[in-house]
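Reviewing the structure listed below.
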Amino acid sequence: MGAIWYELKHVCKQTGARYGILHTPHGDFETPIFMPVGTKATVKTLSPEEIEEVSEGLILGNTYHLWLQPGDELVAKHGGIRGFMKWNHALLTDSGGFQVFSLAKIRKITEEGVTFRHHKSGAPLFMSPETSIRIQNNLGADIMMSFDECPPFHADYEYMKDSVERTIRWAKRGLDAHQNKDTQALFGIVQGGPFKDLRKHCFEELSKMDFDGYSIGGLAVGESKKEMYDVLSFMKDILPENKPRYLMGVGSPDDLVVGSMMGVDMYDCVAPTRIARHGTALTFSGKVLIKNKRYYDDMGPLDNECDCYVCKKFSRSYIHHLIKAEEILGMRLLSYHNLYFLKSLMKKVREAIQHDRLKDFQEEFFEKFGYAKLEDILSGKVVEGTMKLKDQIKINGKNE
């Protein structure tokens, strides 16, 4: 048994969704689970104690950004991210690949790795599979990601095929470079865009390397919801039952529910805290744009169904004032609430799976939140897009 292991506990009879336990060196976690993102060894505006309250105890750190500042070797001197930020729970790090391919305006991809320029200073940089793994070993997360190429979802077939083959070769190199296999798990990343044969081929080759888990990459980068859900539906039937499945960079409430219906176990996204800093709250009755004038004298809580600290203590009117006045406390309160909302949502998803009623829950939640019917999205009757690539870049890079 490796650094982590997954225990499948129940499969929903309505949907095939999975309820399980992810066992890590720093805690056991019920899945499906949403993981807040601490890009630079902090979940923006929140203290470690607050993060404990709004998460299950498993958060992310960003390899690219911590490599550039303050440097992974300095983080290692503190005992890794955990010691650096005084976080006593579990951690996952991404590979840095998304930032390399999204933030760098000029880059050159070779078999060895990627040459690119610093997204702020313009200084020349180079990252390879070995570099990514070395950095992640220093950062000390419980779960690490393979370094992969992140091609556009709608790249043509021949480019995508070459990209997938490169990702497979890079995965093997990263696995060979991994120094802490007993204490740090490593996931392979399945790429292939919309092409099911390439997705299948990518997974089959990665499975020969026996990774600790598998990530579904290259989604939520501007494709339609239908296209994303088609890929997830396909992957549901080919990924192994005994290993965790991680959908990278996805955190919209509708995607968390539908992704869980399609067998996904783990999610992350910075969107909940980013939209909070711009004045948007997530509630079980839909999004609340707290800057709107209607909330000027609204004495009610953000969400009548939420029992978080913010909803129990403060009014919409007060938070409206804080956001309009550009007070940091307003951003903190909305960030806290949004993450707590997603924690609560995933708890409801897990309970629905265990009671074999996730499809019923999805329909009830979509209607109350104001989403289009899932059947209309899957049939193409209603066309909804995932987050555009330029917005992903802002969230995962410059603005987060």
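The values are calculated or read from the model by the stated rules, or taken from the named source; none is laboratory data. Just so you know, these numbers come straight off a predicted model, no measurement behind them. Neighbour counts run over all protein chains shown; Cβ positions are idealised from the backbone, glycine included. For the accessible areas, the whole protein counts, side chains as well, though only heavy atoms, and no ligand, DNA or RNA atoms are used. Shrake-Rupley method; radii C 1.70, N 1.55, O 1.52, S 1.80 Å.
Quick check: is even one residue across the stretch 72-79 under 22 Å from the mean Cα position of the chain (by Cα) and open to solvent by 20 Å² or more (accessible area, probe 1.4 Å)?
no
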Next item on the list: Consider ILE216 carefully, then state whether it is modelled with pLDDT of 95 or more, buried (at least 24 other Cβ atoms within 10 Å of the Cβ), touching a strand residue (DSSP E or B) at 6+ places or on another chain (Cβ under 8 Å) and within 20 Å of GLY16 (Cα to Cα).
Entry: yes
Next item on the list: Any chance you could count how many residues in the stretch 19-40 are within 18 Å of ASP356 (Cα to Cα), open to solvent by 10 Å² or more (accessible area, probe 1.4 Å) and either out of contact with any strand residue (DSSP E or B) (no Cβ under 9 Å at 6 or more places or on another chain) or not hydrophobic (A, V, I, L, M, F, W, C) (or both)?
Entry: 2
Next item on the list: Within the stretch 43-60, identify whether any single residue is among the small types (Gly, Ala, Ser), at pLDDT 90 or above and under 19 Å from the mean Cα position of the chain (by Cα), and answer yes or no.
Entry: yes
Check: Of these, ALA171, ALA141, which one is of a type in the set (Gly, Ala, Ser), assigned to a loop (DSSP other than H, G, I, E, B) and crowded, with 20+ Cβ neighbours inside 10 Å?
Finding: ALA141
Margin query: Looking only at the stretch 105-138, filter to residues that are surrounded by 20 or more Cβ atoms within 10 Å (Cβ to Cβ) and aliphatic (A, V, I, L, M); which one of those is nearest to LEU247 (Cα to Cα)?
Written below: ILE133
Check: Which condition number does LEU247 fail, the rest of (1) in contact (Cβ under 8 Å) with a residue 40 or more places away in the chain; (2) closer than 25 Å to THR42 by Cβ; (3) in contact with a strand residue (DSSP E or B) (Cβ under 6 Å, 6 or more places away or on another chain) being met?
Finding: (1)
Next item on the list: Please determine, by comparing only the residues of the stretch 88-99 that are outside any strand (DSSP E or B) and out of contact with any Phe, Trp or Tyr (no Cβ under 6 Å at 6 or more places or on another chain), which one is most open to solvent (accessible area, probe 1.4 Å).
Entry: ASN88
Next item on the list: Any chance you could count how many residues in the stretch 61-80 are touching a Ser or Thr at 6+ places or on another chain (Cβ under 6 Å) and closer than 16 Å to ASN180 by Cβ?
Entry: 2
Next item on the list: Among the residues of the stretch 124-162, write down those that are more than 19 Å from TYR64 (Cβ to Cβ) and free of Cβ contacts under 8 Å to residues at least 60 places away in the same chain.
Entry: ALA155, ASP156, TYR157, GLU158, TYR159, MET160, LYS161, ASP162
